[in-house]
Structure formats: C-alpha cells, structure tokens
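The values are calculated or read from the model by the stated rules, or taken from the named source; none is laboratory data. Just so it is clear, the model here is predicted, and its values are computed rather than measured. Cβ placement follows ideal geometry from the backbone for every residue including glycine, while neighbour counts extend to all protein chains displayed. Areas reflect the complete protein model, heavy atoms only, side chains present, ligands, DNA and RNA absent. Shrake-Rupley method; radii C 1.70, N 1.55, O 1.52, S 1.80 Å.
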Amino acid sequence: MPSEAIKHTPAVAATRLAPSPTGALHLGNARTFLVNWALARQRNWRIVLRIEDLDTPRNKPGAIDQALRDLEWLGIDWDGSPIIQSNDLNHHRAAMASLAQRGLAYPCELTRAQIEAAASAPQDGGGHELRFPPELRPAVMPRPFDQPNTGWRFVTPDRAVAFNDDFAGPQTLRPIDTIGDFIVWTVRQQPAYQLAVVVDDARQGITHIVRGDDLLESAARQLLLYEALSLGALPRYCHLPLVKGEDGRRLAKRHGDTRLSRYRDLGVAPERMVGLMAFWCGIIPARTPLSSSEFRERFDLATMPRLPVTFTPEDDAWLLNRS
C-alpha cells in the first residue's frame, strides 16, 4: 500500500517545532516552544524544526526567516536543517491515494452554505468549522484519487477515540459528533492540515507532540488518520493551556502587538522574555530575567499551572522594563 512508504519506526524519541509563516511568533508561541524545547533537551528527544507553509494564501513574505531569528533569540535550538513542508508532497499524495482507493476518503464540492443547510450539521464549538454529517457522503466509494483540484473528506468512523494526554490527562473524543467528515485534501491541490501533519510526523519519526490545547480535538482526528494509514506506533500528545488576553480570549492582535520581533526590536533582552515565560510556567514565583539554559534545567511539567495564562499590561510593562 502507498502508506507503507511513509511508515517509520523511530530509533529515538523525537518532537517537532512547527511554526507557520502565516504570521509572526507571539508570546503564546514563545511559551509553547520553550516548554517543548525544554522537555526535549531534558529527555534527550531529537528536535525537528518543520516550517508548516501549506496555508499558502495566508503566508507572509519573510515570515520564515523571522521565525528562525525569533527562536534563536530565545535560545532555542534544533537538530538538523529546517524542513519546509511544501518542498515534498509526494508522500502526502500517496497517502491521499491510499485513502481514496480504500473508500476512506471522497471528493466533496459542497459549499459552506450547502453544508449549513443540512439539518444535522450544527456548527462546532470553535466557530470555524461546520460539522459535515455522514448523510452527505456520496453513494459511490471507493474511487481513485483522480480529482486533486477538488476538496476531499475523510470518512470519520462512528466511534470514540481514547488517548492519555501527558498534560491534559485521559481523553475520550468523538470526531464524528463534533466535526464529522473532515477535509484531508484542499482545492489548492495540497494536503489539508490534518493529513499533512500526520504524514510528516510519521515520516520524520515524531514520537512526542507538544502544543496548545486549542488543538486537543485535532489529536483525535490525527489518531484516526494514523490508524487508517497503518503508520505504526502512535505519537504521544501534550496539550498545554493557552496564553490569553484579559478578556479570556486566545492571544491575538486585538490584545495589542505581542510579536517577539517587536520586543526584540525594542531592545528587550531575551533573558527578560524567558523570565516571563518561566513565571507563567511556575518555574519562578515572580518575573525575573532567566536564560534559556536555566529555563531548561528548572522546568518541570508536573508543577506547570493547569489553567490558561493571562497576559496583562503588567507583563508588557515588565518586558519593556517600565515597572
């Protein structure tokens, strides 16, 4: 089967840092990347740096170079050269063809309005994706992957997905109820996020995935794809609480300019940025400058706060040495 070319049994544990060039890294990214990096260096995981650039309409010129500078400024390193996700999509096409030929995916040209019109297609809690009900699946499957310029959806099985998250704890999720049949191939003739990360993680031997808990539900979808493509050992997940603004919403432009490059350009020392991250992670009781090596040595996942972090005006003032 085509997926066999993707299958990889890792010799050593590995994780990945996966910035996207759709925008600049901000304080929330910094916290997650530092935690991921610290865990990897503490536990001797290999670190892959993968630039996830498949959302081409939203990619920003110069964003890749800026992300690399931001990570280096924080004191984060990785193993080997950065991997650009879009450079080799042959394995993704093979995986897509395997799903199609086995009746596990199908082409879909229905618009958002048509999906919304389906009585059993309520919007999911995230407000971005619509649940695609199985009643809208085509009658004829399987079929060859002969429409690469059409969106394709995965046939989500009617069952729960259970796994133990290394931070969030035991999880039991039912993607069929929350999102239904999800997109795995886009009209841009590229793999969608869920398929792309699964194929790349398997190829690159990723065993541990550390990221924000806004992607917790995505883990269930990705585990279904791992199983459907027979990609071998499943990765372990570690989903961290998000950094939010004072309004309780995920950190974004509405909360001001929180880009790492802004602070770097204003002359903020990286030790000051790392010190704020350490304070947020429960490493130190108050904001204090700290080096990345000290963060790595002192970080303990077991004592990391369980609740989301709130970025406050006091945090910003401290970074700018105005408090």
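Every test in (1) of a type in the set (D, E, K, R); (2) over 23 Å from the mean Cα position of the chain (by Cα); (3) surrounded by 12 or more Cβ atoms within 10 Å (Cβ to Cβ) is passed by R296 save one, and that test is (2). Scanning the stretch 235-259 for residues that are surrounded by 21 or more Cβ atoms within 10 Å (Cβ to Cβ), at pLDDT 95 or above and in a loop (DSSP other than H, G, I, E, B) yields one hit, P235. Among residues of the stretch 1-23 that are within 14 Å of G232 (Cβ to Cβ) and part of a strand (DSSP E or B), those with a Cβ under 8 angstrom from a residue that is open to solvent by 70 Å² or more (accessible area, probe 1.4 Å) and at pLDDT 95 or above, sequence gap 6+ or separate chain, pair up as A14/R46. Could you please find all residues in the stretch 131-141 being at pLDDT below 90 and either in contact with a Lys or Arg (Cβ under 8 Å, 6 or more places away or on another chain) or within 18 Å of W185 (Cα to Cα) (or both)? Scanning the stretch 131-141 gives a single hit, M141.
Of all residues being assigned to a loop (DSSP other than H, G, I, E, B) and open to solvent by less than 10 Å² (accessible area, probe 1.4 Å) in the stretch 222-234, which is farthest from P305 (Cα to Cα)? Just the residue, please. Full working, then the answer.
As a first pass, look at the stretch 222-234 and keep what is assigned to a loop (DSSP other than H, G, I, E, B): 229-234.
From what's left, open to solvent by less than 10 Å² (accessible area, probe 1.4 Å): 229, 231.
Numbers: L229: 36, L231: 34 Å.
So, considering only residues that are assigned to a loop (DSSP other than H, G, I, E, B) and open to solvent by less than 10 Å² (accessible area, probe 1.4 Å), the one farthest from P305 (Cα to Cα) is L229.
Only one entry of L301, L307, L266 meets the criterion of being closer than 23 Å to D214 by Cβ, among the hydrophobic types (A, V, I, L, M, F, W, C), out of contact with any Ser or Thr (no Cβ under 9 Å at 6 or more places or on another chain) and open to solvent by 40 Å² or more (accessible area, probe 1.4 Å), and that entry is L307.
When the stretch 158-169 is filtered for residues that are in a loop (DSSP other than H, G, I, E, B) and open to solvent by 40 Å² or more (accessible area, probe 1.4 Å), the ones remaining, listed by number, are D158, R159, A160, D166, A168. Picking from residues in the stretch 43-53 that are of a type outside the set (V, I, T) and surrounded by 16 or more Cβ atoms within 10 Å (Cβ to Cβ), the one that is nearest to R296 (Cα to Cα) is W45. Among the residues making up the stretch 57-100, those that are within 18 Å of the chain's Cα centre (by Cα), within 30 Å of S293 (Cα to Cα), free of Cβ contacts under 8 Å to residues at least 40 places away in the same chain and not in a helix (DSSP H, G or I) are P82, I84. One residue alone among E217, E297, E227 is more than 18 Å from D165 (Cβ to Cβ) and acidic (D, E), and that residue is E297.
For the stretch 266-323, name all the residues that are of a type in the set (S, T, N, Q) and not in a helix (DSSP H, G or I).
From the stretch 266-323, those of a type in the set (S, T, N, Q) are 288, 291-293, 303, 310, 312, 321, 323; that's our starting set.
Residues satisfying the conditions are T288, S291, T310, T312, N321, S323.
Residues that are closer than 17 Å to H91 by Cβ, surrounded by fewer than 22 Cβ atoms within 10 Å (Cβ to Cβ) and either under 15 Å from the mean Cα position of the chain (by Cα) or among the basic types (K, R) (or both) do occur in the stretch 201-208, at least one of them. The single condition among (1) in contact with a Pro (Cβ under 9 Å, 6 or more places away or on another chain); (2) of a type outside the set (V, I, T); (3) open to solvent by less than 60 Å² (accessible area, probe 1.4 Å) that L290 does not satisfy is (1).
Among the residues of the stretch 27-46, the ones that are under 15 Å from the mean Cα position of the chain (by Cα) and either charged (D, E, K, R) or part of a strand (DSSP E or B) (or both) come to 1 in all. Among residues of the stretch 132-155 being of a type in the set (K, R) and under 29 Å from the mean Cα position of the chain (by Cα), the one that is nearest to P175 (Cα to Cα) is R153.
Any chance the stretch 54-72 includes a residue that's touching a strand residue (DSSP E or B) at 6+ places or on another chain (Cβ under 6 Å) and surrounded by fewer than 21 Cβ atoms within 10 Å (Cβ to Cβ)? Checked against the condition, which is being touching a strand residue (DSSP E or B) at 6+ places or on another chain (Cβ under 6 Å) and surrounded by fewer than 21 Cβ atoms within 10 Å (Cβ to Cβ), the stretch 54-72 yields at least one hit. Checking S86, S98 one by one, the residue that is modelled with pLDDT of 90 or more, more than 23 Å from T178 (Cβ to Cβ), open to solvent by less than 50 Å² (accessible area, probe 1.4 Å) and in contact with a Ser or Thr (Cβ under 7 Å, 6 or more places away or on another chain) is S98 and no other. Residues that are surrounded by fewer than 17 Cβ atoms within 10 Å (Cβ to Cβ) and out of contact with any strand residue (DSSP E or B) (no Cβ under 7 Å at 6 or more places or on another chain) within the stretch 125-135 comprise G125, G126, G127, H128, E135, listed in sequence order.
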